[in-house]
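Working notes, structure below.
The values are calculated or read from the model by the stated rules, or taken from the named source; none is laboratory data. Computed from a predicted model, the values in this text were never measured in an experiment. Cβ placement follows ideal geometry from the backbone for every residue including glycine, while neighbour counts extend to all protein chains displayed.
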Amino acid sequence: MHEFKYKDNQLYCEGLKVENLAQTFGTPLYVYSYETLTGHYLRLKEAFQGVNPLICYSVKANSNLALLKALVKLGAGLDIVSGGELERAHRAGCPSRKIVYASVGKTDQEISAALTSGILFFNVESLAELANINRIAGSKGVNCRVAIRINPDVEAKTHKFITTGKITNKFGIDLNRAYQILLLRKKFENVSICGLHIHIGSQITTAEPFVGAIKKVTSFINKLKLKGIILEYLNIGGGLGIIYDRETPQTASKYAQKILPLLRATGLKIIMEPGRFIAGNSGILVAKVLYIKPTPKKKFIIVDAGMNDLVRPALYGAYHQILPLKGKARGKGKEELADVVGPICESGDFLAKHRLVAKVKEGEYIAVFGAGAYGFSMSSNYNSRMRAAEVLVHKNKVFIIRKRETFSDLIRNEVIPDFLKGKK
Ligand SMILES: *Cc1c(COP(=O)(O)O)cnc(C)c1O
């Protein structure tokens, strides 16, 4: 479900023609739909109203302040993974009591900042980290809450770079070790262990891995009860998949049907951390066709957006649907087999490989769909390219939410030492 639709052979985002946006703001350009972004949040909230969860949008999926603010205004909390994201959460006006913080490598400064701000809890990923949080809380004379991130050792059935709940992944703590830690919980006198956390991976399209993981933690919760250890929260993480190609991911309500009974049975307060599900289909990346290059073996469509703008194809071999802004919806116009590539000096710099794509000419624009999550937030300045501009469309209005970078942004922090200055 998204608000990018063709009308009279022109792609629109809500009420605006995307081609006009490309001409006004230049390319590469990220275009987001407010309606789609907030709609996904509201749909998830409604599907799970039976347990009234705190939905903490995962900031890393797309951390633009305007998008964070849009979700925070609707009541969303935020899931953060760094001190930088903590700052963003504050800038977006998120109450500290709606912030949860996961990461295997929280630094002392990051822990200290989160303690000062009084976040809801840390998702703790190792015994060493728990001891460190306890030490820092003690030195500041504060108490804090943590949830133990469990590694439930389940197969998430997704790309191997985005599974996080197998025992060979670096995330979370295995059940045996977690049990030992909980038995010793009194040793960590400045920390109260208030819950469990799981996040088993991303772009998961069936309920089965979630069900498996939740069942495992449920029996663990019961085992703890027998020892008199009563928890308050269960954080089930994110990971819900979206449609990039021909996937048929479960809808929010189908997903809820499968796991709501399990969640209710725990009797705990539920936290969710969706990222991709909320942001993924709410953004497109618009690029201009620079050159068409036929070669003896294949045809290349060279566009002005590259792996520095959208790294998912290069990083995971990810599929993104690509359509011209002007033209017919998928499968209705003339198509040709081609690679859609960027200008970067790497053969891994492609947006689509060996793909039937609509025929386009130099100077025309294309849209890369499903670019709202892990698109801009993973972008870089590689090849000294300025990062793209981002705009937000709300009905018939467009708002710039991140200006295109300039050359001075690019070199802002670089310093030429004195001994290299001068003529020779
Ligand atoms: C990345 C991440 C998420 C969000 O994952 P999605 O697949 O985008 O929903 C949630 N929780 C944690 C701890 C994460 O690291």
TODO: Could you pull out the residue among LYS140, LYS160 that is under 19 Å from GLN203 (Cβ atoms) and either among the basic types (Lys, Arg) or more than 13 Å from the ligand (Cβ to nearest atom) (or both)?
DONE: LYS160
Task: Any pair with Cβ under 6 angstrom, 6 or more apart, that starts in segment 112-134 at a residue that is in the same structural domain as GLY84 (by TED's automatic domain parsing) and part of a helix (DSSP H, G or I) and ends at one that is away from the ligand (no atom under 16 Å from the Cβ) and among the charged types (D, E, K, R) - done: LEU115/LYS140
TODO: Determine if segment 253-271 includes at least one residue that is within 16 Å of the ligand (Cβ to nearest atom) and not β-branched (Val, Ile, Thr).
DONE: yes
Task: Close pairs (8 angstrom Cβ cut-off, 6 or more residues apart or separate chains): farther than 13 Å from SER58 by Cα in segment 228-242, of a type in the set (D, E, K, R) and buried (at least 22 other Cβ atoms within 10 Å of the Cβ) anywhere - done: GLY241/ARG276; ILE242/ARG276
Task: Members of segment 222-248 that are surrounded by 14 or more Cβ atoms within 10 Å (Cβ to Cβ) and assigned to a loop (DSSP other than H, G, I, E, B) - done: ILE229, LEU231, GLU232, ILE236, GLY237, GLY238, GLY239, GLY241, ILE242, ILE243, TYR244
Open item on the list: I need the full set of residues from segment 103-129 which are of a type in the set (D, E, K, R) and within 16 Å of the ligand (Cβ to nearest atom), in order please.
Closed with: LYS106, GLU110, GLU125, GLU129
Task: Scope segment 222-250; condition hydroxyl-bearing (Ser, Thr, Tyr) and out of contact with any Lys or Arg (no Cβ under 8 Å at 6 or more places or on another chain); matching residues - done: TYR244, THR248
Task: Candidates ASN383, ASN413 - the one that is out of contact with any helix residue (DSSP H, G or I) (no Cβ under 9 Å at 6 or more places or on another chain) and assigned to a loop (DSSP other than H, G, I, E, B) - done: ASN413
